[in-house]
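Everything below concerns the one structure shown next.
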Amino acid sequence: MTKLLAAAFAMCLWAGCPVIADVVNLDDFIGGIEKADSETVCRTSAPMSALWKDVRNRYVPDPGASPSARVQLPAPFVRAFGKAEVENRDVAGYRRIRIPLRGIYRGLRTEQLTFDMGIENGISVVSILFAASRREVENVLGTDLARATPTSFGEVTIVNRGEAAELVCDLST
């Protein structure tokens, strides 16, 4: 996949195609979410963890707490983020926050970052929508996809979303 992207880029330079030079590399932001550490199936980077906490404090604060005024986007990746869309699913017991996320992770183009956060329950899910088929995403991430064990917590899956695929990290309790 990386060789194919490099070849396409070189061909565009030679042919004079318009090239978007400002593509944000999200490797250090998404950083191995498909992998596991010793206790958790979904391993989130420090910037992803900080954003997840900030989004929760803004849109689903703890009972009796005031919501934070803003969400602090991780500085090195700020150009990749669009405007958040909040979908209240209070009847179902959670809120969904969708944020356009335009960049590249391990050679795959990203489209959206979604947080599903429980309201006084244990729903806790983050997912990344790719502009690639499930087969393409599985070819790149599949060998690293964390498998739950009796001692680990959480689940990582790749699901179809129409023609695209989404990596879903479910840490719900």
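Please treat every number below as a calculation from the coordinates, not as lab data. Quick caveat: nothing in here was measured; it's all calculated off a predicted structure. For neighbour counting, all protein chains shown are included, and Cβ atoms are generated from backbone atoms with ideal geometry for every residue, glycine included.
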Hand me the GluC sites (Glu not before Pro) from segment 44-146 located in a DSSP loop with no more than 12 other Cβ atoms within 10 Å, in residue order please. E120
Run the numbers for V86 and D28: contour at 0.36 nm per residue of separation, minus the present Cα-Cα distance, in nm. 18.3 nm
So for R0 = 41 Å, FRET eff. of A65-L145 from the Cβ-Cβ r, to 0.05, ends up at 0.70
Which order do the peptides 42-48, 139-145 come out in when sorted by mean C-beta neighbours inside 10 angstrom, highest first? 42-48, 139-145
Could you work out the mean projected area of the convex hull around the alpha carbons of segment 24-170, in square nanometres to one decimal? 9.1 nm²
May I ask you to order 159-166, 53-60 by the average number of other C-beta atoms within 10 Å around their residues, highest value first? 53-60, 159-166
